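**Q** Sharing a structure below in C-alpha cells format, with a few things to ask.
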C-alpha cells in the first residue's frame, strides 16, 4: 500500500494578509469580499497563521479519509468493523507512509482536532455512542497510537505531551504493522499497472460567504484536491470521472457519495477547524503553542 506519487507541494498556509490580498486582486465583480473568522480579531498575526495552517492540515487529512471511502466503494473492499474507523486508519497510514514532514504535521493536527472537538462538546449531556464514527477522543488516541507505531522517535514527544500511557504505546507498533499489512493485502489486487492513470474532475465552487471564501481560496492555492488526484491516479485502477469538489454545504462536513462518485470537502469544515484552533489560543493565552 504505497501510492506511487504523493504530491510534494508545500502545505504551508500563506499569512492571512497575503490570502486576502490574493483574493481581492483576482475576485470577479460579483464575488463577496473574503474575510477570516471573527475569532482571528483576538489573535496575534502568528496565531492566526497557525490557525490557518491547522485548518489546511486537517483539510488534507480529511480528504485522505474520504479517499478511503472512495477506495472501499470503488473496489467493493471488505471492511470488518465500522467503515469510519477503518478509513481513519487508512488515511493515517497513507499519510505516514509518505514519510513527508508536511504530512506528519497533518496527522498530528488530525489528532489535535479531535481533542479540540471533544473539548468543545464537553457541555453536551449526550455522547453519540450510536454514531457511525467513534467518539472524538477515541479517534484522537487511535491516531496517536498509529503515529507511535510508525515512529516513536518522531512522535514520542507528541504522545508524551498527551500523557499517552506507556503500556498502551508498547502495543502500537504491532497494531500499526498489522493495519498497514491488512490494507496492503486488500488493495494490492487493485494497484495500477505502469502507465495507468485516472482522470479526476476537480471543482472549487464559488461561495458568497466571506469566511468560506477565505478558506476556499486557501485550499485552492494549496491544491488540496489536486493532491488527491495526483496521489491516487497511477496508484490504483480507478475508473475515470471521479469528482473532487470543494463547496459550501451548509454544514461542517466532508463525504463520499458512491452513486455520484464524488468526494465533497465542505468549506464549513475547514472553517470549523480554524475556529477550534483559534478558540484554543483564546482560552489558553499563556501557552506559546499547541502541544
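Each value in this text was obtained by applying a stated rule to the coordinates, not by laboratory testing. Model, not experiment: these values are computed from the prediction. Reconstructed Cβ throughout: ideal geometry from the backbone, glycine too, with neighbour counts over all protein chains shown.
**Q** With a cut-off of 8 Å between alpha carbons and a minimum separation of six or more residues, what is the relative contact order of region 195-276 in percent?
**A** The normalised contact order for region 195-276 reaches 34 percent.
**Q** Among 80-92, 187-199, what's the highest-first ranking by average C-beta atoms within 10 angstrom per residue?
**A** 80-92, 187-199
**Q** Can I ask one more? Just want to confirm a number: the relative contact order over region 16-283, from Cα pairs under 8 angstrom separated by 6+ residues, in percent.
**A** 28
**Q** To continue, here is another question. Quick check on region 16-283: take the gyration tensor over C-alpha atoms, sort the square-rooted eigenvalues as a ≥ b ≥ c, and tell me if it's rounded (a/c under 1.5), prolate or oblate.
**A** Here region 16-283 falls in the oblate category.
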